[in-house]
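*Asks:* Here's a structure for you.
The values are calculated or read from the model by the stated rules, or taken from the named source; none is laboratory data. What you see is a predicted model; the values in this text were computed from it and never measured. A quick note on method: Cβ atoms are made from the backbone with ideal geometry, for glycine too, and the neighbour counts reach across all protein chains shown.
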Amino acid sequence: MTKRRVSGKTVEEAVEQAIIELGTTRERITYTVVEEPKSGLFGILGSKPAVIEVVVKPDPVDRAKAFLEELLQEMDMEVEVTIEKDPATVLFNISGEQDLGTLIGKRGQTLDSLQYLVNLVANKEEGEFIRIQLDAENYRARRKEALVQLAERLASKALRTKRPVSLEPMSAHERKIIHTALQELGDVETYSEGQGIGRHVVIAPKR
């Protein structure tokens, strides 16, 4: 948390100066007035500026990135975390020369767990919700491609056997990939069954 005292002819001028000096926005600061401005004799002699104490709220993305980097360091992972932003999601991309398979885990479970923790840290303060996605070695794109191919293959099986086909349990994000991949097919339907970690997608011929 950054804290600084800033002065100006008026409180508003001090606030504007603080924003410039700290390289932030009005939404990210809080301030208290330490000294009110005073006009001196003839408006000059003995006048005193306004003094405010400004606190910059931690940026949730920076806070989450720092947490992730510290966690990765504790795991002895010599990696780099880069950030990409779009209107819906902030992507933390993890890269490094060493094998990141351990970091990704079976079917991305370790990566998903880290993503969950990072989002908790990012959104622990009240305010706008930020969605952060973690990726490593382009795993998310490769996994999506594999899931789409799996969905198409099992859809063909369901039509051939004329029986529903159940997939393995998946996260909500991966289930959505399956549903989306097959929603344009007119001959099959998809729905989810099960509870908690056992929730999975079923692909069935349309009746």
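*Asks:* Go over the candidates 16, 97, 78 one by one and state the one that is surrounded by 11 or more Cβ atoms within 10 Å (Cβ to Cβ) and of a type outside the set (A, V, I, L, M, F, W, C).
*Replies:* Details: 97 fails: surrounded by 11 or more Cβ atoms within 10 Å (Cβ to Cβ); 78 fails: surrounded by 11 or more Cβ atoms within 10 Å (Cβ to Cβ).
Result of the check over 16, 97, 78: 16.
Matching residues to (1) surrounded by fewer than 17 Cβ atoms within 10 Å (Cβ to Cβ); (2) of a type in the set (Ser, Thr, Tyr); (3) outside the structural domain of residue 91 (by TED's automatic domain parsing); (4) on the phi > 0 side of the Ramachandran plot:
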{"position": "111", "(1), (2), (3), (4)": "no, no, no, no"}
{"position": "120", "(1), (2), (3), (4)": "yes, no, no, no"}
{"position": "125", "(1), (2), (3), (4)": "yes, no, no, no"}
{"position": "148", "(1), (2), (3), (4)": "yes, no, yes, no"}
{"position": "153", "(1), (2), (3), (4)": "yes, no, yes, no"}
{"position": "157", "(1), (2), (3), (4)": "yes, no, yes, no"}
{"position": "160", "(1), (2), (3), (4)": "yes, no, yes, no"}
{"position": "164", "(1), (2), (3), (4)": "yes, no, yes, no"}
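*Asks:* Let me ask another. Within the stretch 159-180, track down each residue that is more than 24 Å from the chain's Cα centre (by Cα) and either in a strand (DSSP E or B) or of a type in the set (A, V, I, L, M) (or both).
*Replies:* Hits for the stretch 159-180 are 159, 165, 166, 167.
*Asks:* While we're looking at this one, here's another question. Restricting to strands (runs of 3 or more DSSP E) lying wholly in the stretch 73-136: which have 1 or more residues that are acidic (Asp, Glu) and in contact with a helix residue (DSSP H, G or I) (Cβ under 8 Å, 6 or more places away or on another chain)?
*Replies:* Values: elements: 80-85, 90-95, 132-136.
Where strands (runs of 3 or more DSSP E) fall fully within the stretch 73-136 and carry at least 1 residues being acidic (Asp, Glu) and in contact with a helix residue (DSSP H, G or I) (Cβ under 8 Å, 6 or more places away or on another chain), they are 132-136.
*Asks:* Those residues that are closer than 15 Å to residue 197 by Cα and in contact with a helix residue (DSSP H, G or I) (Cβ under 8 Å, 6 or more places away or on another chain), I need them from the stretch 151-167; list them, please. Walk me through how you get there before you give the answer.
*Replies:* Taking the stretch 151-167 and keeping what is closer than 15 Å to residue 197 by Cα, we get 166-167.
Across the stretch 151-167, the qualifying residue is only 167.
*Asks:* Which of (1) without any contact (Cβ under 8 Å) to a residue 24 or more places away in the chain; (2) exposed (fewer than 14 other Cβ atoms within 10 Å of the Cβ); (3) more than 30 Å from residue 204 (Cβ to Cβ) does residue 89 not meet, given it meets every other one?
*Replies:* Among (1) without any contact (Cβ under 8 Å) to a residue 24 or more places away in the chain; (2) exposed (fewer than 14 other Cβ atoms within 10 Å of the Cβ); (3) more than 30 Å from residue 204 (Cβ to Cβ), residue 89 violates only (1).
*Asks:* With the requirement that a residue be acidic (Asp, Glu) and more than 27 Å from residue 57 (Cβ to Cβ), what does the stretch 102-134 give you? Write out each step before concluding.
*Replies:* Of all residues in the stretch 102-134, those acidic (Asp, Glu) come to 112, 125-126, 128.
Selection gives 112 alone.
*Asks:* In this structure, is residue 151 of a type in the set (Gly, Ala, Ser) and touching a His at 6+ places or on another chain (Cβ under 9 Å)? Let's see the steps before the verdict.
*Replies:* Working: of a type in the set (Gly, Ala, Ser): yes; touching a His at 6+ places or on another chain (Cβ under 9 Å): yes.
When the stated conditions are applied, residue 151 passes them.
*Asks:* If I go through the stretch 49-72 residue by residue, how many of them are part of a helix (DSSP H, G or I) and not aromatic (Phe, Trp, Tyr)?
*Replies:* Residues flagged as part of a helix (DSSP H, G or I) and not aromatic (Phe, Trp, Tyr) within the stretch 49-72 amount to 12.
*Asks:* Pull up the stretch 46-75, narrow it to residues that are of a type in the set (D, E, K, R) and under 17 Å from residue 117 (Cα atoms), then point me to the one that is surrounded by the fewest Cβ atoms within 10 Å (Cβ to Cβ).
*Replies:* 74
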